[in-house]
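Chemist: There's a structure below that I have some questions on.
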Amino acid sequence: MFGLAPGAIDRHRDSTRWRWLASAPAVLLAGMAHALSFAPFEAWWLQLLALGVLAHATAGAPVRRAALMGWLFAVGWLVAGFWWLYISMHHYGGLHPALAGVAVLVLAALLGLYYAGAMALGAWLRTGRAGWDIALWSACWLLAELARGVVFTGFPWIASGYAHTVGPLAAWAPWVGVYGLCALAAAVAGTLAQRLRSVPLRQRVTTTTVVVALVLLAQGLPGDFTRSTGVLEVSLLQPNIAQELKFDPARLESQLVGLMRQLAAARGTLVVTPESVVPLTRSQLSEGYWESLREQLRPLPGQADTPRAALIGIFVGDDETGYVNSTLVLPADPLDARSEYRYGKRHLLPFGEIIPPGFHWFVTLMGIPLADQARGQTTAALAFAGQRLRPLVCYEDLFGEEIASSAVGDQAATVFVNVSNLAWFGRLLVQDQHLQFSQMRALEFQRPFIRSTNTGATSVIDHHGRITARLPPLTEGILEASVEGRTGATPYARWLAACGLWPLLGGALAIVVGSAWRGRRRTTAPPRP
C-alpha cells in the first residue's frame, strides 16, 4: 500500500514473505501500546506511532496477511484497553477466573474482526498511488471504527479518536467529532508509514504536505461557537459504596442514611447524585423517606430566594413493566412542577442491563442484579436556575450521535449531566477512560459536563474539555463547584443532529468505491505501444 507500483508490490511480496512471522508480534505489541495513548496517560502521539506500525505492516501485504495484522493489532489494543471487564465478571459476577479471562479475550477477538476486514479491504483495493492509498487506509480504518461503534448497539470504548482530547488534532473535534478524528489520525499514521516505504520522493512530499496542512488548518479556524448562559453552583456527590455492598439488603439502610447526610451537607443550588444511588424504586422506600430527602434541600442561609433541587439516581417501574435506570428531580418545593421530570437510561449495555437472546445462561452465571432492564423515554432537557440540564446515565456519553439533538435548537441543553456507578470495574483505567469520553463530548458540542459517580471520576469539565475540578477516586466526598452553561451549536453538532453519522460513512464508502474503480481502470487499460 501507500504508493508501491504493481510490479514493485510483487517484488516486495517475494522479498518479505518470511518477515510476516516477525512482524506479527510487533503489531500485537503496537496494539497494546495503542491502549496507552488514552487516559490516564493521554499520550496522543503514541496513538499515531502505534497506528503507524500497523500501517507499515500492512503496506504491500497480501490480503490475508493484512487481515491477520489488523486482527492482531485490534486484539492487543482492546484486551489492554478494557481488561477491567474481567473485574466485573469475576470479582463481582462470580465467574471462574479462566472463564472471565476467556470472555474478555473472545470479546476482543470478535471486535477485532472489524479491523481484520478493514485491512483486508485496503489491501485488496490498493491503487499504487501514495496519496490515494493513504485516503483508502483512512477510510477503511474509519469503517471499522464506525462498525464497532454502531453494530449490535455499539461498543466504541477507546475508539482511536478519543486519544486526541489533547494535542493538535483536538481542534478538529467541534468540526468532525470523534470519528472524524479517527479518520484524520489514520491519515497521519499512514503518512508516517509512507516515510519508511519505497515511495517516490515527490509523492511523499505531496502527501505529507497535505496531511500536515489538515492537522494545522483547525488551529486557525474559528474556535468558539457557543456563548455563556451564566454560572450554576453544583454539589456532586460521591458516596464510594463498594459494588458488593450496593445491593446488599443488610447495608441498604446505612446507604440511605448516608445519602441523606450528604444531601444535608451539600451547598450547591443543584445537587447531583450518582446512578442508582437509591437501588430501589420509590414505592419500595419506607414511608416519609422521600420527603425527608426533600427537607435537606431547604434554602441556605442568606439565599432564601434561590430555589434548590437534586437529581437522584433511582429505579422506576415494576416487575410487569420493567425497571428503568432513572434520574428523578427532587425540588425543594413539593408543588414545583419539575418534580414530575424524570430521565430514564435509553442506551442499555448488553449483558449488564439488557440480555441478548440466547445469553440468559451467561448473565445468570454472573448474578447481576436488574440485568434485564427497560429503556427510558425522556430526552428533553430540564430547565432549572437559568440552565437547561441534559442527564446521561453511565456510558450513554459514548454515543455523541444519540445526544447531538440535545445540543442544537432553542431548547438545547446548556449543561450535560452524567451520573455513573463505575464501581463494577475497579479503579484502574476505566474511570479515567470514561472521563475522557465526557471530555470529547464537551469538545464536540462545546458544552460543560458535570459528572457524579459512585467511586471515582466525579468532576466538572468546561466547554473546552478541560477538567476544572475533580474528587479523588475511592473516597467519600462532595465536589462543590461552579459550572458555566453554554448555548449555541458547533458545526459538528449541526450536521450530526441533521444527518447522523451518514456523511462520514458516505465519504469513506466513496473512497472505497473510487479505489475499486481506479483498480479496475488499471487492470483493463490497454497496454502502451
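Chemist: Where does helix 97-125 land angle-wise versus the long Cα axis of the chain, in degrees 0 to 90, nearest 10?
Modeler: 40 degrees
Chemist: Could you work out the equivalent-ellipsoid semi-axes for segment 26-73, taking the square root of 5 times each eigenvalue of the Cα gyration tensor, largest first, in whole Å?
Modeler: With the √(5λ) rule applied to segment 26-73, the semi-axes are 22, 10, 6 Å.
Chemist: Right, another one. Going by a ≥ b ≥ c, the root eigenvalues of the Cα gyration tensor, does segment 148-304 fall in the rounded group (a/c under 1.5), the prolate group (a/b larger than b/c) or the oblate group?
Modeler: Prolate, because a/c is 1.5 or more and a/b exceeds b/c.
Chemist: Over segment 230-331, consider all pairs of different Cα atoms and compute the Kirkwood hydrodynamic radius from their mean reciprocal separation; express it in Å, one decimal.
Modeler: Over segment 230-331, the inverse of the mean reciprocal pair distance is 14.4 Å.
Chemist: Could you tally the net charge around Gln296, taking each other residue with its Cβ under 13 Å from the Cβ of Gln296, Lys/Arg +1 and Asp/Glu -1?
Modeler: Taking every other residue near Gln296 into account, the sum is +3.
Chemist: Let me ask something additional. Return a whole-number percent for the relative contact order of the chain, with Cα pairs under 8 Å and 6 or more residues apart as the contact set.
Modeler: Reported as a whole number, the value is 17 percent.
Chemist: May I pose another question? Across segment 63-70, in residue order, what do the Karplus-derived ³J(HN,Hα) couplings come to in whole Hz, using 6.51 cos²θ - 1.76 cosθ + 1.60 with θ = phi - 60° and x for Gly and Pro?
Modeler: Computed from phi, the couplings for segment 63-70 are 4, 5, 5, 4, 4, 4, 5, x Hz.
Chemist: Now for a different question. What is the set of long-range amide H partners of Arg308 at a cut-off below 5 Å, with H atoms built 1.01 Å from backbone N?
Modeler: Correct list: Ala332.
Chemist: Something else: Whole-Hz Karplus ³J(HN,Hα) for segment 481-489, in order, using 6.51 cos²θ - 1.76 cosθ + 1.60 and θ = phi - 60°, x for Gly and Pro?
Modeler: Using θ = phi - 60°, the values come out as 8, 10, 10, 9, x, 9, 10, x, 9 Hz.
Chemist: Assign one of three labels to segment 380-519, namely rounded, prolate or oblate, based on the Cα gyration tensor with a ≥ b ≥ c the square roots of its eigenvalues; rounded applies when a/c is under 1.5, prolate when it is not and a/b is larger than b/c, and oblate otherwise.
Modeler: Note, shape of segment 380-519 comes out oblate.
Chemist: Could you state the accessible area per residue of the chain in Å², with a 1.4 Å probe and every protein chain left in place?
Modeler: Result: 41 Å² of accessible area for each residue.
Chemist: Can you work out the Karplus-derived ³J(HN,Hα) for every residue in segment 470-478? Use 6.51 cos²θ - 1.76 cosθ + 1.60 with θ = phi - 60°, whole Hz, and x for glycine or proline.
Modeler: 7, 8, x, x, 6, 9, 7, x, 10
Chemist: Roughly what would the spin-label model give for Arg298 and Val231, points 7 Å off Cα along C-beta, in nm?
Modeler: 2.8 nm
Chemist: Counting only C-alpha contacts under 8 Å and six or more residues apart, can you give the relative contact order of segment 91-203 as a whole percent?
Modeler: 25 percent
Chemist: Helix 6-16 versus the longest principal axis of the chain: what angle, 0 to 90°, nearest 10, using Cα atoms?
Modeler: Roughly 80 degrees, rounded to the nearest 10.
Chemist: R0 = 22 Å: FRET efficiency of Trp45 with Ala24, Cβ-based, nearest 0.05?
Modeler: FRET efficiency, Trp45 to Ala24: 0.35.
Chemist: Counting only protein heavy atoms and a 1.4 Å probe, tell me what percentage of segment 77-134's accessible area is made up of carbon and sulfur.
Modeler: Reported share for carbon and sulfur atoms: 76 percent.
Chemist: Would you mind checking the tilt of helix 201-217 against the longest principal axis of the Cα atoms of the chain, expressed as 0 to 90 degrees and rounded to 10?
Modeler: The angle comes out at about 20 degrees.
Chemist: Report, for the chain, the % of DSSP beta bridges that are antiparallel, rounded to 5.
Modeler: So the antiparallel bridges in the chain amount to around 65 percent.
Chemist: Here's a follow-up. Hey, what's the per residue convex hull volume over the C-alpha atoms of the chain, in cubic angstrom?
Modeler: Dividing the Cα hull volume of the chain by its residue count gives 151 Å³.
Chemist: Summing -39500 (n - 2.57) over the DSSP H runs of n ≥ 4 in the chain and dividing by its residue number, what mean residue ellipticity at 222 nm do you reach, to the nearest 500 deg cm²/dmol?
Modeler: -14500 deg cm²/dmol
Chemist: Mind checking the dipole of the chain: about its Cα centre, +1 per Lys or Arg Cβ, -1 per Asp or Glu Cβ, Debye to the nearest 20?
Modeler: 2940 debye
Chemist: Scan around Phe384 for amide H atoms under 5 Å from its own, H built in the peptide plane at 1.01 Å from N, and keep only partners 5 or more places away or cross-chain.
Modeler: Under 5 Å from the amide H of Phe384: Leu389.
Chemist: A follow-up question, please. Note the full-extension length gain between Glu287 and Leu509 as 0.36 nm times their separation in residues minus their Cα-Cα distance, in nm to one decimal.
Modeler: 74.0 nm
Chemist: Still on this structure: Where both residues lie in segment 378-529, what percent of DSSP beta bridges are antiparallel, nearest 5?
Modeler: Antiparallel bridges: around 45 percent, rounded to the nearest 5.
Chemist: Next up: Return the long-range amide H neighbours of Ala61 (sequence gap of 5 or more, or a different chain), with a cut-off of under 5 Å between placed amide H atoms.
Modeler: Correct list: empty.
The values are calculated or read from the model by the stated rules, or taken from the named source; none is laboratory data. The shown structure was predicted, so the numbers you read here are calculated from the model rather than taken from an experiment. Note: ideal-geometry Cβ built from the backbone for every residue, glycine included; neighbour counts use all protein chains shown. Side chains included, ligands, DNA and RNA excluded: accessible areas come from the protein's heavy atoms. Shrake-Rupley method; radii C 1.70, N 1.55, O 1.52, S 1.80 Å.
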